[in-house]
Amino acid sequence: MNPDQLAKLQAFKEQVHPMNLLPLWERKVKLVPGSDGVPAHWPYQIVKPLLEEATQLIEKKDADRRVLVMENPALRGSSFIAQSLFAGQQIILPGEIAPSHRHTPNAFRFIVEGEGAYTSIDGVKMMMRPGDFIVTPNWTWHDHGNLGNEAVVWMDGLDTPFTSLFGAHFRENYPQDTYPVSHISHEPDEASKSYLFPFKDMAKNLHDLVGSTPDRTHAYKLRYTDPVTQKDPLPTVSAFMQLIPKGFVGQPYRTTENKVLNVFQGECILELGGQRYQLRTHDVFVVPSWETFRLESSENSYVFSFTDQAAQQALGFWREEFLASK
């Protein structure tokens with residue numbers, strides 16, 4: 001293209017700009033897989049003392065939910081851990097109640113440590129134990145409380161970026177602190193089976209796999225599914241628990257999903273971008289879309305993870321790639 005043509009094209013671009021028009025050939029949109037988010041690590045040994053400090057600085061009634069949001073370093077100001085996911089660590093002290101509300105984002109809790117807390121969803125009250133996964137479908141009334149003698153910590157996960165994208169974020173507080181309880185579940189039953197997924201059940205299912213050949217990338221990994229629909233418990237979020245046995249060295253792998261890992265038990269190594277991250281018990285790590293990573297472990301480790309795979313698969317976007325070790 002000669003200089004005269006370039007000058008005319010530049011003049012044309014400046015002409016249409018005030019009309020909120022942009023020539024397609026000038027677009028800046030990324031046309032390759034990947035995310036604006038970056039990998040990031042939140043060691044629990046740093047986060048836990050800060051949660052405890054927060055309990056001294058703000059009362060539960062003032063905080064509503066006492067949560068430290070894990071915000072991606074490349075997405076500061078968004079409150080998102082990845083472009084499609086929200087994650088935060090919440091602490092609740094003995095005797096405290098997190099008041100009932102409902103909202104359009106889908107949510108879940110993954111219990112990190114402590115016993116005696118419960119969550120109530122549309123009147124179904126469920127006791128929560130470490131390692132349990134509890135889903136809160138959108139627009140369901142939910143409140144939490146701690147009936148025990150110790151602080152309880154859990155990770156909140158939500159698909160808030162989806163409601164923000166569509167401009168469809170609605171929220172409503174219930175008139176009282178708690179929604180009327182119609183049923184109490186200590187274990188999954190007919191009323192709670194689509195909400196409550198105990199760790200002991202998932203651990204048993206994973207142990208049943210031990211002895212078979214582990215997946216070369218994920219070792220032993222199971223996806224949480226609704227026992228009624230046999231689908232993901234939430235329409236936008238997929239969740240998994242994996243057992244990484246002692247001595248396992250995984251193969252490199254990448255996927256278009258944004259992935260948040262929470263080490264429930266044990267320790268493992270996550271290698272990504274030429275760096276090796278030591279992930280200890282309760283550490284959280286985010287792997288953005290299309291980043292190549294691999295896992296290895298020197299001890300038996302349980303790793304919980306949640307991703308946007310359900311949404312990507314529903315839309316036909318999801319891809320994965322298994323790569324050979326160098």
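The values are calculated or read from the model by the stated rules, or taken from the named source; none is laboratory data. Note that the coordinates shown come from a computational prediction; the quantities given were computed from them, not determined experimentally. Heads up, the Cβs are rebuilt from the backbone with ideal geometry, glycines too, and the neighbour counts pull from every protein chain shown.
Data overview
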quantity	calculated
Pairs where the first residue, in segment 43-71, is touching a residue at least 60 places away in the same chain (Cβ under 8 Å) and within 19 Å of Glu113 (Cα to Cα) and the second is assigned to a loop (DSSP other than H, G, I, E, B) and of a type in the set (Ser, Thr, Tyr), C-beta under 7 Å, 6+ apart	Tyr44/Thr281
Criterion (assigned to a loop (DSSP other than H, G, I, E, B), without any contact (Cβ under 8 Å) to a residue 24 or more places away in the chain and exposed (fewer than 14 other Cβ atoms within 10 Å of the Cβ)) met by exactly one of Gln278, Gln230	Gln230
Check on Tyr302, farther than 27 Å from Pro235 by Cα and assigned to a strand (DSSP E or B)	no
Condition check for Pro39: surrounded by 10 or more Cβ atoms within 10 Å (Cβ to Cβ), out of contact with any strand residue (DSSP E or B) (no Cβ under 7 Å at 6 or more places or on another chain) and not basic (Lys, Arg)	no
Pick from segment 132-187, criterion in a loop (DSSP other than H, G, I, E, B) and of a type in the set (Gly, Ala, Ser), ranking: surrounded by the fewest Cβ atoms within 10 Å (Cβ to Cβ)	Gly167
Members of segment 51-95 that are among the small types (Gly, Ala, Ser) and closer than 22 Å to Thr160 by Cα	Ala63, Ala74, Gly77, Ser78, Ser79, Ala82, Ser84, Ala87, Gly88
Long-range neighbours under 9 Å by Cβ, at least six apart or interchain, first residue of a type in the set (S, T, N, Q) within segment 315-326, second modelled with pLDDT of 95 or more	Ser325/Val249; Ser325/Gln251; Ser325/Pro252; Ser325/Arg294
Which numbered condition Lys204 misses (of (1) exposed (fewer than 14 other Cβ atoms within 10 Å of the Cβ); (2) assigned to a loop (DSSP other than H, G, I, E, B); (3) at pLDDT 95 or above; (4) among the charged types (D, E, K, R))	(2)
Residue list for segment 275-326, filter: farther than 22 Å from Val69 by Cα and touching a Cys at 6+ places or on another chain (Cβ under 9 Å)	Leu295, Glu296, Ser297, Ser298, Glu299, Ser301
In segment 248-275, the residues that are among the charged types (D, E, K, R), surrounded by 19 or more Cβ atoms within 10 Å (Cβ to Cβ) and under 20 Å from Val47 (Cβ atoms)	Lys259
Counted residues, segment 305-326 - those being closer than 22 Å to Gly274 by Cβ and outside any strand (DSSP E or B)	4
Residue in segment 252-274 that is farther than 27 Å from Glu71 by Cβ, part of a strand (DSSP E or B) and in contact (Cβ under 8 Å) with a residue 24 or more places away in the chain present	no
